[in-house]
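Note sheet for the following structure.
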């Protein structure tokens with residue numbers, strides 16, 4: 001299944017750092033996100049544009065994960081020639097990631 005089925009996301013950027021939050025629709029799906037959406041998987045998903053590290057922060061009280069992606073190619077919003085200079089569509093790209101449809 002895609003992450004889109006069990007969560008929604010928001011993203012933004014500051015210079016060469018992108019922040020993507022992944023929020024479970026239902027509290028019972030939060031542990032599935034924790035298990036399947038690791039910092040390594042997010043880094044691999046955006047390997048073409050992220051040269052630095054990816055850090056995952058867990059926010060169980062609100063059923064969310066927050067990812068901070070560093071070293072974005074092109075120098076950030078004010079310097080890049082990328083079509084999506086602001087990185088706003090990256091949350092949608094993350095929601096297309098496939099994860100296991102295992103039961104909790």
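Take residue 55 and residue 27, extend 7 Å from each Cα along the Cα→Cβ direction, and tell me the distance between the two endpoints in nm.
2.9 nm
Taking R0 as 22 Å, what's the FRET efficiency between residue 47 and residue 101 from their Cβ-Cβ distance, rounded to 0.05?
0.35
In nm, what is the difference between 0.36 nm times the number of residues separating residue 8 and residue 34 and their Cα-Cα distance?
Values: separation 26, 0.36 × 26 = 9.36 nm, distance 1.44 nm.
7.9 nm is the gain from fully extending residue 8 to residue 34.
Using mean Cβ contacts within 10 Å as the protection proxy, how do 55-67, 19-31 order, highest first?
Listed from highest to lowest mean packing, they are 19-31, 55-67.
Normalised by the residues of the range 3-71, what does the relative contact order come to in percent, with Cα pairs under 8 Å and at least six apart?
About 34 percent, as a whole number.
Every number here is computed from the coordinates shown, using simple stated rules; none is lab data. It should be emphasised that the depicted structure is a prediction, and the values quoted were computed from it without experimental measurement. Heads up, the Cβs are rebuilt from the backbone with ideal geometry, glycines too, and the neighbour counts pull from every protein chain shown.
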